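Coordinate-derived values only; no laboratory data. Please read these numbers as outputs of a predicted model, since none were measured by experiment. Positions of Cβ are generated from backbone atoms using ideal geometry, with glycine treated the same way; all protein chains shown enter the neighbour counts.
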Amino acid sequence: MASCVTSNLATANLNFSLCLLKHLSKDTENIFFSPISLSTVFGMIFLGSAGESQKQLEDIFSFGSFNSTEDVHKEMLEISKLFRGQNNIELNVANRILAQEKYTFLQDFIHSLKNFYEQDPIRVNFASSEKSKIVQDLNKWVEDITKGKIKNLLKEDAVTALTRMILVNAVYFKADWAEKFDERATQIMNFMITKDEKVETRMMYRSGKYRLGYSSNLNIQVLELPYKNPNFKMLVFLPLPHQQGGLFALNELQNKLNIDILSNMRGHFSYTEEKISVFFPKFRLETKLELEAVLPQLGLKDVFDEKLADLSLMTGTKDLFVSSAVHKAFLEVNEEGSEAAAATAAVMSLRCAAVNPEFRANRPFLFSIVHSSSGTPLFFGRYVRP
């Protein structure tokens, strides 16, 4: 049942991931983010939006593809519940909402936050001398949820006397591979970024039975790396070697990849399950996105504009806008498994060598950590440079 309930949200997050990935790839090599964290925070903003602001949120996050706006929030709640109580994995998904004391929000909005996002706003005084402690406490909460991987999410100057609400989502994921790589087999190998540029990196190795897909149209292999908890896996999209080099092939793949392919992989890839020699880099990524700079370029403009923002379903008036929004993400992949974390905050302010078949990831690739039954991507990334 869960996979049916969350299918719209999975597709929406995949679509948003592709759009964000293609945009960020223009200026950035290594990319890593959590679509579920981003869509949760902006889902809360969507809850209080109206007019053109609501329409832009529907377009960018594909919220408009749901049968109703209420279904968006119902599926957010459903996927949050689905992630709880998982065995053989550490998975924390949590929200926190701070609101200015004595500032009036509509009861329908407050009730819906509690109903769908399971949070009653914590009332604080952003205008007081305790402002720095409020930020420190919130950052400490994020750091605790993400086991120390996401630190100092919000800067103190992001909060002012005009701040009225802060919405935060944090995600932490740590899981062992179903079959671990042997650390003794890890060795230094070349990673081919372009046809003329290569760098050395630590390459893990394991020979074992894996599910491997191939698409002649896309000219790529897709490897499924299962975790010990069978509900989660890492998908690795590896372009085949190209005479123009790995980065050229990766950019070609990103131009071809679309939501139809990602949401119906069985229809676009031929799969085998056999003994494969897997070479996969050991790596660590940390990224930070200033969303008030990034998302307007994708079309989400009004909520960040104090003159145009319509968040009137929060307060009954058009007096709020999103003054800042930040997303931080962390990933470490090693022989044991993967550890990943992400957090998003939005601040509301008043106006003012084997014989087996091979999968050798020694060139740029895309990857995603996915909840298998629902298809929901927890994390999405692009690895270009060790």
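Details
- Candidate aspartates and glutamates - alpha carbon under 14 Å from K147, same-chain residues fewer than 8 apart omitted: E90, E332, E339
- In this structure, the pairs whose alpha-carbon distance is over 19 Å, taken from K102/K131; K195/K275; K195/K282, are K195/K275; K195/K282.
- A simple packing score, the average count of other Cβ atoms within 10 Å per residue, orders the peptides 159-165, 111-117 as 159-165, 111-117, with the highest score first.
- Legend: distances between Cα atoms for K133/K228; K155/K256; K81/K318; K114/K318; K174/K288; pairs beyond 29 Å are K133/K228; K155/K256; K81/K318.
- From the coordinates shown, Rg and Dmax of the Cα atoms in Å corresponds to which of (i) 24.9, 76; (ii) 21.3, 70; (iii) 24.4, 82: (ii)
- Here the 3J(HN,Hα) profile of the stretch 22-27, calculated from phi with Karplus coefficients 6.51, -1.76 and 1.60 at θ = phi - 60°, is 5, 5, 5, 5, 5, 10 Hz, Gly and Pro shown as x.
- The stretch 62-152, dipole about Cα centre (Lys/Arg Cβ +1, Asp/Glu Cβ -1), debye to the nearest 20: 380 debye
- Amide H within-cut-off set for I220, under 5 Å, with H built and near neighbours excluded: S215, L240
- Residue ranges 14-26, 166-178 sort as 166-178, 14-26 when ordered by packing (mean number of other C-beta atoms within 10 Å per residue, highest first).
- Contour minus Cα-Cα distance for N115 and N217 (0.36 nm per residue): 32.2 nm
- Dipole axis of the chain (+1 Lys, Arg; -1 Asp, Glu on Cβ), positive-most option in I193, V171, Y383: I193
- Charge dipole (Cα centre; +1 on Lys/Arg Cβ, -1 on Asp/Glu Cβ; no other charges) of the chain amounts to roughly 620 debye.
- Relative packing of 265-271, 42-48, 68-74, which averages over residues the other C-beta atoms within 10 Å, highest first: 42-48, 68-74, 265-271
- Projecting the Cα atoms of L38, F109, I150 onto the charge dipole of the stretch 23-171 (Cβ charges, centred on the Cα centre) puts I150 farthest toward the positive pole.
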